[in-house]
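K.L.:
Got a structure for you, questions after.
The values are calculated or read from the model by the stated rules, or taken from the named source; none is laboratory data. For clarity, every value in this text was computed on a predicted model and none was experimentally measured. Every residue, glycine as well, gets a Cβ built from its backbone with ideal geometry; the counts of neighbours run over all protein chains shown. Note: areas computed on protein heavy atoms with side chains; ligands, DNA, RNA excluded. Shrake-Rupley method; radii C 1.70, N 1.55, O 1.52, S 1.80 Å.
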Amino acid sequence: MTETSERFDRGDWTTFVLIPGAGADPRVYEATIAALRDLGHDGIAPPLPLDDPDAGPSAHADAVLAALPDPRPEPLVIVGQSLAAYTAAVVADRLGPQRLILLAPMIPKLGEAAGDWWEGTGHAEAIAPLTERLGPPEDWDEAALDEVFYHDVDAATLAANDEYEGRPAPGMFAELLSVERWPYLPTTVLAPREDRLFPLEFQRRLTGERLGEGVEFAEMPGGHLPMLSRPRELAARLVELSSTRP
């Protein structure tokens, strides 16, 4: 019997399906997957149709499901970071996983496109102190992006992951969220405390407004990209949250 099959025979083995946001290559989760395996679990970061400008959350969800092994490992936890909260919502609706974890998320609501999220959530007001200094997000230069997204990522990690950076396709912002179950339960919103793009109290408010009282709100240290800045802490937090009762 292989090490993998031995672990799958154990009742405490969980597989985490990790989906990155903002057009990033899923390989940004490599360090997190290694940390999950050190903790006795597994992680999968499926390839996504990043080169297709028309691909929206449903097409990304198709790619995630197609990449899962057959038979599908159980239990499964779906993790969607930032913009990938929309894809993760579709995946969870189709798969019915043990838990959905929205990491530093753009928390969706039913019938909303991600392109309408910014105005619909009052995001501009939430980051007003930031835009007073740096200007609107569409005008942020490299220094501003470093301050907002990479302030807690060390230079070596940033350089190693430079090839995985990308821009989200227009299709990711155009598709309305259309699922049978939303909010999906059980769901946890995991908000990094030093996230400068989506401040903590902003995320706490949206969790209550968009997902309701049945959804857990949890915190961890770090900024918007904990898979780069704190992969081991992220892995430990994911394992901890996946083991809590619905």
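K.L.:
What per residue convex hull volume, in Å³, do the alpha-carbon atoms of region 125-236 yield?
P.N.:
Details: hull volume 16.0 nm³, N = 112.
For region 125-236, the hull spanned by Cα atoms encloses 143 Å³ per residue.
K.L.:
Using the basic label-point model (7 angstrom from Cα toward the beta carbon), what is the D12 to L68 distance in nanometres?
P.N.:
Distance between label points: 2.5 nm.
K.L.:
Please tell me the relative contact order of region 61-120 in percent, rounded to the nearest whole number, where contacts are Cα pairs under 8 Å and at least six residues apart. Don't skip to the answer; put the middle values down first.
P.N.:
Values: 69 pairs, mean separation 19.6, N = 60.
That works out to 33 percent.
K.L.:
To check you understand DSSP bridge types, tell me what percent of the beta bridges within the chain (both residues inside) are antiparallel, rounded to 5.
P.N.:
Working: 1 of 23 bridges.
Roughly 5 percent of the DSSP beta bridges within the chain come out antiparallel.
K.L.:
Then there is this: Run the quick spin-label model on D52 and R133: label points 7 Å from Cα toward the beta carbon, then report their separation in nm to one decimal.
P.N.:
Roughly 4.1 nm, to one decimal.
K.L.:
Can you tell which of V64, N161, A24 lies farthest toward the positive end of the dipole of the chain, using +1 and -1 charges on the Cβ of basic and acidic side chains (Lys, Arg; Asp, Glu)?
P.N.:
About the Cα centre, the residue reaching furthest to the positive side is V64.
K.L.:
Solvent-accessible area of D51, probe 1.4 Å, all protein chains present, reported in Å² to the nearest ten, please.
P.N.:
Looks like 150 Å² after rounding.
K.L.:
Report the full-extension gain for the segment E209 to E163: residue separation times 0.36 nm, less the Cα-Cα distance, to one decimal in nm.
P.N.:
Numbers: separation 46, 0.36 × 46 = 16.56 nm, distance 3.66 nm.
Length difference between fully extended and current span is 12.9 nm.
K.L.:
Please calculate how many Å² of accessible area region 47-188 carries per residue, with a 1.4 Å probe and no DNA, RNA or ligand atoms counted.
P.N.:
Numbers: 6740 Å² over 142 residues.
In whole numbers, region 47-188 has 47 Å² accessible per residue.
K.L.:
How large is the charge dipole for the chain, taken about the Cα centre, if only the Cβ atoms of Lys, Arg (+1) and Asp, Glu (-1) carry charge, to the nearest 20 debye?
P.N.:
Details: 20 positive and 42 negative charges, 188 e Å.
My answer is approximately 900 debye.
K.L.:
Please identify which residues in region 148-176 have an amide N closer than 18 Å to a label point set 7 Å out from the Cα of E142, following the Cα→Cβ vector.
P.N.:
148-167
K.L.:
Report, as a whole number in µm² per second, the diffusion coefficient that Stokes-Einstein gives for the chain at 20 °C and 1.002 mPa s using the Kirkwood radius over alpha carbon pairs. Don't jump to the answer; show the numbers that get you there.
P.N.:
Numbers: Rh = 18.2 Å.
It diffuses with D of about 118 µm²/s by this estimate.
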